[in-house]
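Please read the structure below before turning to the comments.
The values are calculated or read from the model by the stated rules, or taken from the named source; none is laboratory data. Computed from a predicted model, the values in this text were never measured in an experiment. Here the Cβ positions follow ideal geometry from the backbone for every residue, glycine too, while neighbour counts run over all protein chains shown.
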Amino acid sequence: MIFRLENVSHRYSDGTLALDDVSLEFERGERIALLGTNGSGKTTLLNHLNGILKPTSGNIYFEDKPLAYDAKSLLNLRKRVGFVFQDPNDQLFASSVKQDVAFGPLNLGYTPEHVKQLVDDALTTVGMTQFADKPPHFLSGGQKKRVALAGVLAMQPEVIIMDEPTSSLDPLAASDILHLLLRLNKENGITLLLATHDVDIVPLFANKLYILDKGEVVSEGTPKESFSKTELIRKANLRSPRIGHLFEVLKKEDALPVADELPLTISEARKEILRLIDEAVKESKKRQQ
Amino acid sequence: MSHSDLYAEVDRSAYTNALAKCSPITKTFFALSSLILTVSAQSILVPITIFVICTILILGLAKVKSHLYLDLFRYPTLMITLSCVIIALFGSGAPLIQISLPWTTLSLLGGISFSVNTFFRVEGALSCLFFLVLTTSITDLCILLRKAHVPRVLVEISLLIYRYIFVFLEVSEKMNTAQKLRLRPSGWIKRIRSIALLAGSLFIRTLEQGERTLVAMNARGYDGTIRVLEDFPAPRKITLLGIVIFDFVFVILIFLTVNFGVLMK
């Protein structure tokens, strides 16, 4: 277990209960989606995982050890758990791309040569090498997001937490970021934890989905399992991915024999449609005989 | 060109000019030594020569757009011209014109040589500074300042201000448009009121931005010092030597022209 949260609650100083008795856990190498509407507590939850916020009650364990909040432990935690913020303008504070990516590794006390290597590697990974000497205000939204990710990658984290990875990005930039994250998960074994309210991207990357509603975890499981609970999804003010929704309607309104676990991605839908056609063909052949 | 556009253009030029990859040490050394030569010269010959050389470097070597370079000169030149007129009229020195009034005598144009001298010194000095500003990025300059043992806090604050100027420039433009779209009232007083509103909410935004940036910096292990990767091309010794010789020639020129008399003395 790389992270385990045990009955974590958080109450802000103004009295709002942002997290209510949240318990969850995930393994190394997993791809976890945290889905919820605005104000459901996603960001608050993420902020607990690298020590930005302390739970008002409950415990957080990183590799089975409770989180410590002294400067040294926090630095160690933040080296291993990277956080990419929603608005890249919050994160990119340095005057050039290279300097910004170097900030994390320099704080870890590495030698300039080592830092340069890490910066080069991180920028290569996100495909932003040619912008190394440019200031952040020269970049587009998608490019800023990639640089923000590089700033975290340069610290060589084991877990990457990303708040709204695709918000305010155009479709191409959003899919680029997702593919990049999936590659990091596959090739470097980095554990991914993405908070989002974009239901359509969840089945594309997640192998585990937590649904948050008003600070509580209301569902946990694979995306297929969770999105099959249509009542619950609606109650949390969310919806199924478009494709899942389509098959739900086909099943309910048109009585098509769609599988119980609704297909959620294009490739799943394709398989399901081919299967349905196949069965229909068999059926009609039987009838002819 | 509006003011913010001009700043953005200068900033763009610092990153994209043909000398951007040249070592900032060389560029700063050249700009500062030329600046000192310009302001210490007694005759107008030295500032004029330096002005010509800097202009050639900026337009020819660094390939900065000429309209940008001219635009930069507009306001300072306007100001210095006005000042020089005053100096020329009322400066000390043997007056060229005297007007007797019943209660006093006006001595005019006594400061004309000093005024001409000042004008060319300022223009020469400006060209040196514009050379630095148009060819060297803020990042490089700040690394240099740090190497020169300028207090850390100053350098760090300048870097942060530099970065967030552009963020808030964008925010203020958006807010301005939003006000316009909601039919901002015309008329002086009302206009001032809506600008005050804009400034107020912009100020609150900066505070919030500060909070969020601090959190994000903490998340990457910020401990109170902003460390910077000191990484830029080392100066070429031959170029530095060239600048030293160049400066030396000018020092000799300064001594030779101490008594040079174009409107001097």
Is it the case that some residue within region B:47-64 is of a type outside the set (A, V, I, L, M, F, W, C) and crowded, with 20+ Cβ neighbours inside 10 Å?
yes
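Conditions (1) closer than 25 Å to B:G221 by Cβ; (2) crowded, with 19+ Cβ neighbours inside 10 Å, marked per residue:
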| site | (1), (2) |
| --- | --- |
| A:D121 | yes, no |
| A:A148 | yes, yes |
| A:G151 | yes, yes |
| A:A154 | yes, yes |
| A:S168 | no, no |
Looking for something touching a Pro at 6+ places or on another chain (Cβ under 8 Å), more than 22 Å from B:I243 (Cβ to Cβ), touching a residue at least 12 places away in the same chain (Cβ under 8 Å) and in a loop (DSSP other than H, G, I, E, B) - is there at least one such residue anywhere in region B:130-140?
no
Can you pull out the residues in region A:60-77 that are at the interface with chain B (Cβ under 9 Å from one of its Cβ atoms) and closer than 20 Å to A:V8 by Cα?
A:L74
In region A:178-198, which residues are in contact with a Lys or Arg (Cβ under 6 Å, 6 or more places away or on another chain) and among the aliphatic types (A, V, I, L, M)?
A:L192, A:A195
Quick check on B:L37: is it more than 14 Å from chain A (Cβ to nearest Cβ), buried (at least 16 other Cβ atoms within 10 Å of the Cβ) and closer than 26 Å to B:G242 by Cα?
yes
Which pairs turn up if I take residues in region A:100-113 that are at the interface with chain B (Cβ under 7 Å from one of its Cβ atoms) and within 17 Å of B:G224 (Cβ to Cβ) and look for partners that are part of a helix (DSSP H, G or I) and among the small types (G, A, S) with beta carbon separation below 7 Å, at least 6 apart in sequence or on another chain?
A:F103/A:G151; A:G104/A:G151
Restricting to region A:127-136, name every residue that is surrounded by fewer than 23 Cβ atoms within 10 Å (Cβ to Cβ) and either within 10 Å of chain B (Cβ to nearest Cβ) or of a type in the set (V, I, T) (or both).
A:T129, A:A132, A:D133, A:K134
By residue number, the members of region A:262-289 that are surrounded by 13 or more Cβ atoms within 10 Å (Cβ to Cβ) and not in a helix (DSSP H, G or I) are A:L262, A:P263, A:L264, A:T265
Return the total of residues in region B:208-238 being modelled with pLDDT under 90 and of a type in the set (A, V, I, L, M, F, W, C).
6
Criterion first (of a type in the set (D, E, K, R), within 7 Å of another protein chain (Cβ to nearest Cβ) and out of contact with any Leu (no Cβ under 7 Å at 6 or more places or on another chain)) does A:D121 satisfy it?
no
Verdict on A:S168 being out of contact with any His (no Cβ under 9 Å at 6 or more places or on another chain), of a type in the set (S, T, Y) and over 30 Å from A:N89 (Cβ atoms):
no
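With the condition kept exactly as written, say whether any residue in region B:106-126 is basic (K, R), at pLDDT 85 or above and assigned by TED's automatic domain parsing to the domain that holds B:K65. Even if it seems obvious, please write down each step before you answer.
So in region B:106-126, the residues basic (K, R) come out as B:121.
When the remaining residues are screened for being at pLDDT 85 or above, the result is B:121.
Adding the requirement that they be assigned by TED's automatic domain parsing to the domain that holds B:K65 leaves B:121.
Yes, region B:106-126 contains at least one residue that is basic (K, R), at pLDDT 85 or above and assigned by TED's automatic domain parsing to the domain that holds B:K65.
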Would region B:219-226 turn up any residue that is free of Cβ contacts under 8 Å to residues at least 40 places away in the same chain, aromatic (F, W, Y) and away from chain A (no Cβ under 14 Å)?
no
List the number of the failed condition for B:W103; all other conditions in (1) under 27 Å from B:L229 (Cα atoms); (2) more than 24 Å from the chain's Cα centre (by Cα) hold.
(1)
Failed condition for B:S107, given (1) surrounded by fewer than 18 Cβ atoms within 10 Å (Cβ to Cβ); (2) assigned to a strand (DSSP E or B), with all others met?
(1)
Residue count, region B:228-249, condition part of a helix (DSSP H, G or I) and among the acidic types (D, E), comes to 1
How many of the residues in region B:11-34 are over 29 Å from B:V116 (Cα atoms), in a helix (DSSP H, G or I) and either within 14 Å of chain A (Cβ to nearest Cβ) or of a type outside the set (S, T, N, Q) (or both)?
8
Residues of region A:111-139 being of a type in the set (G, A, S) and in contact with an Asp or Glu (Cβ under 9 Å, 6 or more places away or on another chain), in sequence order, are A:G127, A:A132
Between a first residue in region A:78-96 that is facing chain B (nearest Cβ under 7 Å) and in contact (Cβ under 8 Å) with a residue 12 or more places away in the chain and a second residue that is basic (K, R) and not in a helix (DSSP H, G or I), which pairs have beta carbons less than 7 Å apart while being 6 or more apart in sequence or on different chains?
A:R78/B:R220; A:S96/A:K134
Quick one: which residue in A:A255, A:A259 is under 30 Å from the mean Cα position of the chain (by Cα), farther than 30 Å from A:D21 by Cα, modelled with pLDDT under 90 and not in a helix (DSSP H, G or I)?
A:A259
Counting only residues that are assigned to a loop (DSSP other than H, G, I, E, B) and in contact with a Lys or Arg (Cβ under 8 Å, 6 or more places away or on another chain), which one in region B:180-218 is surrounded by the most Cβ atoms within 10 Å (Cβ to Cβ)?
B:R184
Tally, over region A:170-215, of residues that are surrounded by fewer than 17 Cβ atoms within 10 Å (Cβ to Cβ) and touching a strand residue (DSSP E or B) at 6+ places or on another chain (Cβ under 6 Å):
1
So B:T77 clears everything in (1) touching a helix residue (DSSP H, G or I) at 6+ places or on another chain (Cβ under 6 Å); (2) in a helix (DSSP H, G or I) except one condition, right? Which one?
(1)
